[in-house]
Every structure is written in C-alpha cells, then in structure tokens.
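Q: Below you will find the structure I want to go over with you.
The values are calculated or read from the model by the stated rules, or taken from the named source; none is laboratory data. Computed from a prediction, not measured in an experiment: that's the story for all the values here. Heads up, the Cβs are rebuilt from the backbone with ideal geometry, glycines too, and the neighbour counts pull from every protein chain shown. Just so you know, the surface numbers come from the protein's heavy atoms only, side chains and all, with ligands and any DNA or RNA stripped out. Shrake-Rupley method; radii C 1.70, N 1.55, O 1.52, S 1.80 Å.
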Amino acid sequence: MANALRRVMIAEVPTIAIDLVEIEVNSSVLNDEFIAHRLGLIPLTSERAMSMRFSRDCDACDGDGQCEFCSVEFHLRAKCMTDQTLDVTSKDLYSSDHTVVPVDFTESAGYDSPEQRGIIIVKLRRGQELRLRAIARKGIGKDHAKWSPAATVTFMYEPEIYINEDMMETLTLEEKMNLVESSPTKVFDIDPNTQQVVVVDPEAYTYDDEVLKKVEAMGKPGLIEIHAKEDSFIFTVESTGAIKASQLLLNAIEVLKQKLDAVRLSEDTVEADDQFGELGAHMRGG
C-alpha cells in the first residue's frame, strides 16, 4: 500500500500544465517546438486541479481553450529594444486565472539569486520578438511528465532501535564515542549528563548496518538491535512547487480511495453477473 501511494503521488495526482501553444511571432534563436516544450515544463500552481475537468471529459467546450472549467489561457509578449540581452522568463506569462500562475521560487531563493527572475524560456537580442498564446490543461504524470507534481517520492520502514543498557555500561567512554561515530548519520549521541549512548534521531537511520557491524567488531552482539516496523513508514516527498508536499499527499490519498472504490464496484458487478447471469450483464450495459 505504501508503494501504491508513492506511485499515485508521482503519476496520478492531477496538476495543470501548458498543453497547447500558438506562436504568433518568434524571431528568437529557438524554434517553435523547442519553446513549446519549455513552456510545458514550467510548473504552474495547481491547487484547483482536483476540481477542474479533464478537457477530454468537458461537455462545456470543444477543447479550444476558451473554457473556465477545463483550461486556463496564457499570453506572452516580449521584444528586445536594447543592446542588452533580454531574458524572457516564466514571470512574463500572463494568466487569465489568478489562481493558476507559474510557480514563484522567490521565497526559497536568495535575494540576489537568478531564480528571482523566474524560469528562463528564451533569450532575445535587439530586434528579436516573441508573442504567443498558450492553453494550460489538467493532466496526470502517467500521460506526460510535465503533469507530475512530484520531483522525488521515497519511503522506508520506520526503524525501531533497542540499546542494551546493561551491556552499554561495560563500555568505556572512548568505545561509546567510536560506536556513535560509526553511524554515517546522526542517529546516536552521548548524553552529557549520564555519559550514556542515546538515540537522538531514529528517522535518520538509513539501514546501512554500519553501527551493527561496529557492534560485532567490538565483540558485543546484541548491544544494539534495529528492526523495521512493517506497519509504519517514513515518506520523503519533494514537490515541483505545483502543489505543496502536504497537499500532494492528501490528494494522492483521495485518488487512491477513488481507485479502490472503482475496484470494489467492479467486484460487486462481477458478483451480480454470477448471481443473475444474463440479467446481471444486461444491468451493467453488457
């Protein structure tokens, strides 16, 4: 189930991304297809993606992008009028919906960081111009990577760490220091008051077994025991910025619930077919 949740977060939680680009003027060094591809990979804020319709399922439009239920329209107009190179970035995209805009990385970037200018689309020299119209639609990562809301999703079993206090009393302070330092991550430390080895961050353990190897080398098997809790997981979620990591997890749970409901409905349908034969098949349109 944990891996199912991970896969849903990567490939089946919907977001909004640019899917159609109409180039009006492009005298830059990049061709139209290159620019369209770069636009599609710009992450857009997608908090309302779950409530939007897929364009293929929308009955309010013909898919031309002029529909508030399934699409958002963007415009970009830029022309270089000086000898200074002009950077055309995601901040030059103007949206018809203020809730769906290019992700702003300014807060996580430094004051003088280039991320403050947005994601660079193309660079223009004097006289070069770019004008375009773009349509963003709802989609999922299974269809194209530009709709994936997650950069990285990993999980591991939560470790359960036991320290044999009686055996620990037999070690010198130097041996305890060596034991603590044998772990590549800061899992253990020495209590300054009791001079005992304590677990300070069990979630930092990466199942590298280095501390267990050290215990064996010291001739103290059983001094430290580490077991994985098979019903408890630690997830690490890195979002592209389209959706907050916490919201991504909640949306993934909702999508997974919908898929499980569909499976349960399918099983009920099969049982009805078995019970009522041709009548059951007729009831579901077969």
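Yes/no matrix, rows are residues, columns are (1) open to solvent by less than 80 Å² (accessible area, probe 1.4 Å); (2) in contact (Cβ under 8 Å) with a residue 40 or more places away in the chain; (3) under 29 Å from the mean Cα position of the chain (by Cα):
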position: THR172; (1), (2), (3): yes, no, no
position: ASP201; (1), (2), (3): yes, no, yes
position: ALA217; (1), (2), (3): no, no, no
position: LYS220; (1), (2), (3): yes, yes, no
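Q: Does GLU33 satisfy the criteria of being free of Cβ contacts under 8 Å to residues at least 60 places away in the same chain, among the charged types (D, E, K, R) and not in a loop (DSSP other than H, G, I, E, B)?
A: Numbers: free of Cβ contacts under 8 Å to residues at least 60 places away in the same chain: yes; among the charged types (D, E, K, R): yes; not in a loop (DSSP other than H, G, I, E, B): yes.
It is true that GLU33 is free of Cβ contacts under 8 Å to residues at least 60 places away in the same chain, among the charged types (D, E, K, R) and not in a loop (DSSP other than H, G, I, E, B).
Q: Condition first: open to solvent by 30 Å² or more (accessible area, probe 1.4 Å), within 14 Å of the chain's Cα centre (by Cα) and closer than 24 Å to PHE233 by Cα. Now tell me which residues in the range 135-162 satisfy that.
A: ALA151, THR152, THR154, PHE155
Q: How many residues does the range 228-258 contain that are charged (D, E, K, R) and without any contact (Cβ under 8 Å) to a residue 40 or more places away in the chain? Don't jump to the end; show me each part of the working.
A: Narrowing the range 228-258 to residues charged (D, E, K, R): 229-231, 238, 244, 254, 257.
Right, trim to without any contact (Cβ under 8 Å) to a residue 40 or more places away in the chain and you get 231, 244, 257.
Going through the range 228-258 one residue at a time, the tally reaches 3.
Every residue, every condition in (1) under 30 Å from TYR162 (Cβ atoms); (2) modelled with pLDDT under 90; (3) exposed (fewer than 14 other Cβ atoms within 10 Å of the Cβ); (4) of a type in the set (Phe, Trp, Tyr), yes or no:
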site	(1), (2), (3), (4)
HIS227	yes, no, yes, no
GLU230	yes, yes, yes, no
THR236	yes, no, yes, no
GLY241	no, no, no, no
SER246	no, no, yes, no
ARG264	no, yes, yes, no
GLU267	no, yes, yes, no
